[in-house]
Amino acid sequence: MWCRRLARLLEVPCQPRGSAAHRSPWLPRDGRTVPAAAARWHHTAPESLKCAWQLHGDHLELRYANTLMRFDFVWLRDHCRSASCYNAKTNQRSLDTASVDLGIKPKAVRVDETTLFLTWPDGHVTRYGLEWLVKNSYEGQKQQVMHPRILWNAEIYRQAQVPSVDCQSFLETDEGLKEFLQNFLLYGIAFVENVTPTKEDTEMLAERISLIRETIYGRMWCFTSDFSRGDTAYTKLALDRHTDTTYFQEPCGIQVFHCLKHEGTGGRTLLVDGFYAAEQVLQQAPDQFELLSKVPLKHEYVENAGDCHNHMIGVGPVLNVYPWNNELYLIRYNNYDRAVINTVPYDVVHRWYAAHRTLTTELRRPENELWVKLKPGKALFIDNWRVLHGREAFTGYRQLCGCYLTRDDVLNTARLLGLQA
C-alpha cells in the first residue's frame, strides 16, 4: 500500500551491514551517561535486554517494549516536557520550535529502566519516560488505531444485538450517555428510544452530545416530500446509499434523524457500513483501494429553489486514510452530487472508474444492507464519515426532523467519559 511505502520512505534507514555501527557489540553501560559521539548499541543494565539504544549522526535509535524507534534530535528537543518548555497545566508547548538549532545534537545521553535523559549543548536536560516514547513515536503510532471500531454487515450487526438507549437515561445519566457513545463509536450508528416526537425534543437530544452545526439547510431542519429544496431528499422517491454534504470541504460529521409522523407505506431507512465495504476492497484489490484514496474529486450542489440559492463545492478522494497507519477515517460517496471529473488525467480515469465500480459493488451487496423502519420516538444518529444511508420510496405523508452535529464535539464528549475517540 502507498501508505506503507510512504512510511518506509520516512523511516531513517538502519546502518548497512559491515558498517562500524553494525559490527559494534551490544555493550551494557548500566545506565551511565555516554558521550553523544558514541555510535554503538547500549543496554540499560547488563542483565536486561528490555531497552537498548544507539546514537547516529542525526537521530537516536531506541529499542523498547518490542518496538524499534528512531527519534530525530530536533524532535527530541522540541518535545521536551520540562517546566520551561511545556506548560503541564494547559498542555501547551512553551518552547519556540523555530529557536531550536536544526543541527542540534545531545551532549550526553543516559537511559535507565524507565527514563531517557538527554543533556543538550546549553546544559538543558530533557527527560522522557520510555512508555511515553513508545506511545508517541511514529513507530508506535503505526501499531495503533485512532478510532477502534467494529466493521459490520447486516448479519454481524443483528447478531451483536446492539441495544438502544432510553431517552431519559441518555439525557440524565453519564452511564446512559456513555453506553450510547460507545455503540456509536464502534458501529457508526446508534439509537435512542422513547423520544417525544417533536423537533424541540430532538434538538435537546442532539445538544446532549454536541453543538448543532448550522448549514445551508438551517440549524434544525424539518422536512416532508414537498420539494421545497432542490434535493431529492425532499421527494417520495427512493434514495440510493450515500453520505451527506460531500460538497462541503469538510462533510458534516454526524447526522440525526427522527421520524415525527408517517401516514403511509414504505420509507424504510437503509444503512450500510462504508468502512466494511472499503475493507473488502482493500483485501481483494489493494491497488484499487489505493487509487480511491489518492484521486481527488469534486462534489457539487447547485440550488435555485424559492429563496434558496447555493453553490457548494467540496474536493477530496472517495476514501480518506491516515498516512502513518493506513486507517480509513472518512468515506465521501455520493453519486448524486459528484461533479464533472476534471481533476483526473485520462490515463488514470478509467482505472478510477473500475475501482469505483468495485467499491460500489461491495456497497450494494444485499448482505451489507441494514434496513430500519424509523418511527416516532426512535431517533437515529449516523456517523456521516463512515455509514451510508438511503431510503426506499414511500407513500402518504412523512415528516422527519434532524440536524448535523460537529464531529469534534461528539468525540470530545466521548473522551471526557473515558472512551477512546
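The values are calculated or read from the model by the stated rules, or taken from the named source; none is laboratory data. Not measured: the values here are computed from a predicted model. Heads up, the Cβs are rebuilt from the backbone with ideal geometry, glycines too, and the neighbour counts pull from every protein chain shown. These accessible areas exclude ligands, DNA and RNA; they are computed on the full protein's heavy atoms, side chains included. Shrake-Rupley method; radii C 1.70, N 1.55, O 1.52, S 1.80 Å.
How far is it, in nm, from the label point at T67 to the one at E303 when both lie 7 Å from their Cα along the line to the Cβ?
Roughly 4.5 nm, to one decimal.
Can you tell me the dipole magnitude for segment 51-139 around its Cα centre, using point charges on the Cβ only (Lys, Arg +1; Asp, Glu -1), in Debye to the nearest 20? Write out the running numbers ahead of the final one.
Numbers: 11 positive and 11 negative charges, 40 e Å.
Here the size comes out at about 200 debye.
Keeping the other protein chains in place, figure out the carbon and sulfur percent of the accessible area of the chain, with a 1.4 Å probe. Show your work: numbers first, answer last.
Values: 10280 of 20200 Å².
Answer for the chain: carbon and sulfur cover 51 percent of the accessible area.
Rounded to the nearest 0.05, what FRET efficiency is calculated for E263 and C222 with R0 set to 22 Å and r the Cβ-Cβ distance? If you can, show how the numbers build up before the last one.
Details: r = 16 Å, r/R0 = 0.73.
With R0 = 22 Å, the Cβ-Cβ based efficiency is 0.85.
Give the shape of segment 56-160 as rounded, prolate or oblate, defined through the alpha-carbon gyration tensor: a ≥ b ≥ c are the square roots of its eigenvalues, a/c under 1.5 means rounded, and otherwise the shape is prolate if a/b is larger than b/c and oblate if not. Display every interim value, and only then the final one.
Numbers: a/c = 2.77, a/b = 2.08, b/c = 1.33.
Note, shape of segment 56-160 comes out prolate.
Quote the accessible area belonging to R40 in square angstrom, nearest 10, computed with a 1.4 Å probe and with ligands, DNA and RNA left uncounted.
R40 has an accessible surface of roughly 80 Å² with all protein chains in place.
Averaging sequence separations of C-alpha pairs under 8 Å and six or more residues apart, then dividing by the length of segment 315-396, give the relative contact order as a whole percent. Display every interim value, and only then the final one.
Working: 29 pairs, mean separation 22.6, N = 82.
Reported relative contact order: 28 percent.
How high is the FRET efficiency between E131 and A98 when r is their beta carbon distance and R₀ equals 30 Å, given to the nearest 0.05? Spell out each step's value before the answer.
On the way: r = 29 Å, r/R0 = 0.98.
Step by step, r from the Cβ atoms, then E = 0.55.
Output the relative contact order of the chain, whole-number percent, from Cα pairs under 8 angstrom with separation of 6+ residues.
Working: 821 pairs, mean separation 84.0, N = 421.
With pairs under 8 Å counted, the relative contact order is 20 percent.
For segment 330-394 and segment 269-306, compute the distance between their C-alpha centroids and round to whole Å.
For segment 330-394 versus segment 269-306, the Cα centre distance is 6 Å.
Treat every Asp and Glu Cβ in the chain as -1 and every Lys and Arg Cβ as +1, leave all other atoms uncharged, and give the resulting dipole magnitude about the Cα centre to the nearest 20 debye. Let's see the in-between values first.
Working: 49 positive and 49 negative charges, 258 e Å.
I would put it at about 1240 debye.
Return the label of the correct value of P(r) over Cα pairs in 20 Å bins from 0, in percent, as calculated from the structure shown, out of (1) 22, 44, 28, 7, 0; (2) 22, 46, 23, 9, 1; (3) 24, 54, 21, 1.
Label (1) holds the value from this structure.
Leaving ligands and nucleic acids out of the surface, order T114, T246, T361, T215 by accessible area at 1.4 Å, largest first.
Details: T114 90, T246 0, T361 65, T215 20 Å².
Correct descending sequence by accessible area is T114, T361, T215, T246.
Using helices alone, I'd like the mean residue ellipticity at 222 nm for the chain: each DSSP H run of four-plus residues gives -39500 (n - 2.57), total over residue count, nearest 500. Could the numbers behind the result be given before it?
Numbers: 13 runs with 115 residues, N = 421.
Result for the chain, helices only: -7500 deg cm²/dmol.
How high is the relative contact order of segment 77-137, in percent, with contacts defined as C-alpha pairs under 8 Å that are six or more residues apart?
Numbers: 70 pairs, mean separation 15.5, N = 61.
Averaging sequence separation for qualifying contacts and normalising by length gives 25 percent for segment 77-137.
Within segment 373-410, list the trypsin sites (Lys or Arg not before Pro) lying in a DSSP loop whose Cβ has at most 13 other Cβ atoms in a 10 Å radius.
On the way: sites: K373, K378, R386, R391, R398, R407; in loops: K373, K378, R386.
The qualifying sites are K373.
Sequence neighbours fewer than 8 away in the same chain don't count; with that in mind, list the lysines whose C-alpha is under 22 Å from K294.
K142
Mean-square fluctuation check for the chain, GNM, Cα pairs under 10 Å: which of N91, N325, N310 is largest?
Result: N91 has the largest fluctuation of those listed.
Over the chain, with the other protein chains present, what is the accessible area per residue in square angstrom, probe 1.4 angstrom? All intermediate terms of the calculation are to be shown ahead of the outcome.
Details: 20200 Å² over 421 residues.
Each residue of the chain exposes 48 Å² on average to a 1.4 Å probe.
For R357 and D174 in the same chain, what is the full-extension length gain: residue separation times 0.36 nm, less their Cα-Cα distance, in nm?
Values: separation 183, 0.36 × 183 = 65.88 nm, distance 4.34 nm.
In short, 61.5 nm is gained.
Lys/Arg Cβ at +1, Asp/Glu Cβ at -1, dipole of segment 51-139 taken about the Cα centre: which of H59, W132, M69 is farthest positive-ward?
The listed residue farthest towards the positive side: W132.
Among Y301, Y397, Y187, whose mean-square fluctuation peaks in a Gaussian network model of the chain (Cα, cutoff 10 Å)?
Greatest mean-square fluctuation among the candidates belongs to Y397.
Determine which aspartates and glutamates satisfy two conditions relative to K373: a Cα distance under 12 Å, and not lying fewer than 8 residues away in the same chain.
Hits, sequence-local ones excluded: E392.
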